[in-house]
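Taking it in order: structure first as structure tokens, then the write-up.
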Amino acid sequence: MTLPTRARLAAALGGRLPSPGQRIGLLGGSFNPAHEAHVAISREALRRLRLDRVWWLVSPQNPLKESHETEALDKRLDQARSLALDPNILAGAIETVLGTVYTADTLAALVKRFPRVHFVWLMGADNLIQIPAWKSWQELFSILPVAVFDRPSYHLGALAGKAARRFAHCRLPESEAGELARRTPPAWVFIHQGLETQSSTKIRAKRRE
């Protein structure tokens, strides 16, 4: 890693680059806007997966969404940071430093730059349903272990969906979630939790009203 890139990555994460051996959860998305469900998933991940930190990867622009649907990156990033009050939850626009657009490329770049860090991809059950529409989605499961967190009304659809069926043989019991970060991918776990009903879509709709 070149020094300028390392410095920019550190700046994107509040000056806190990971140390070898740390367990880092990665929660990606538009955060348009960030909300309490993001916080709830992150706190649950820190506890259940025994993580050292969770990074919010605030996307410059979701390739599956129109740009006019998304607030400016600086505004979304500032709002996310104001909500992430836990010192172990760090929000940053890492993809602007890495020069990546698609999640699989972002994860591959992070693994290359921090080969001795144990990363885990975090996502809600709604995204497990949608993930077959993502570029190189099957490759994503081969790059990092994955933790899927229950969301209201998505439980059955997520576990019956294409991705869950494709990687059914790699699913771990929830009781082993604490060791997921050290598992060789593909490996994933479904986490049941108290269901937070907030969503960015609902918040935007309420604002429009």
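Quick note: the coordinates plus some simple rules give every number you see, no bench work behind them. Since the model is a prediction, treat every value here as computed from it, not as a measurement. We place every Cβ from the backbone using ideal geometry, glycine too, and count neighbours over all the protein chains shown.
Shown in residue order for the stretch 21-26 are the 3J(HN,Hα) couplings computed by the Karplus curve 6.51 cos²θ - 1.76 cosθ + 1.60 at θ = phi - 60°: x, 5, 10, 10, x, 10 Hz (x for Gly and Pro).
Quick one: net charge of LEU46's neighbours, Cβ under 12 Å, K/R +1, D/E -1?
Values: positive: ARG23, ARG43, ARG47, ARG48, ARG50, ARG53; negative: GLU44, ASP52, ASP86.
So the environment of LEU46 carries a net charge of +3.
Packing order of peptides 40-47, 117-124, highest average first: 117-124, 40-47 (average count of other Cβ atoms within 10 Å over each peptide's residues). A Förster radius of 35 Å combined with the Cβ-Cβ distance from ALA109 to GLU36 puts the calculated FRET efficiency at roughly 0.75. For Rg/Rh (Cα atoms, Kirkwood Rh), the candidate list reads [x] 0.95; [y] 0.93; [z] 1.06; the entry that matches the value derived from this model is [y]. Near the amide H of ALA91, within less than 5 Å, lie the amide hydrogens of TRP56, all on another chain or at least 5 residues away, with H placed in the peptide plane. Annotated for the stretch 3-208: lysine pairs at least 8 residues apart or interchain, Cα distance under 25 Å, count 9.
Per residue, the average separation of C-alpha pairs within less than 8 Å and at least 6 apart gives the stretch 3-208 a relative contact order of 24 percent. With 0.36 nm allotted per residue and the present C-alpha distance subtracted, the ARG47-GLN138 stretch has 30.1 nm of extension available. Rounded to the nearest whole Hz, the Karplus-based 3J(HN,Hα) values (6.51 cos²θ - 1.76 cosθ + 1.60, θ = phi - 60°) of the stretch 178-190 follow the sequence x, 9, 4, 4, 9, 7, 7, x, x, 7, 8, 9, 9, with x at glycine and proline. Taking the Cα centre of the chain as origin and assigning +1 to Lys and Arg Cβ atoms and -1 to Asp and Glu Cβ atoms, the resulting dipole is close to 320 debye.
A crude spin-label estimate for the pair ARG116 and ARG171, with each label 7 Å from Cα along the Cβ direction, gives 3.6 nm. Dipole orientation for the chain: of the candidates LEU156, ALA93, ALA133, ALA93 has the Cα lying most toward the positive pole (charges on Cβ; Lys, Arg +1; Asp, Glu -1). Around the amide H of GLY29, modelled in the peptide plane, lie the amide H atoms of LEU57, SER59, all under 5 Å away and 5 or more residues distant in sequence or on another chain.
Computed 3J(HN,Hα) for the stretch 132-137, one whole-Hz value per residue from the Karplus formula 6.51 cos²θ - 1.76 cosθ + 1.60 where θ = phi - 60°, is x, 7, 7, 5, 6, 5, glycine and proline marked x.
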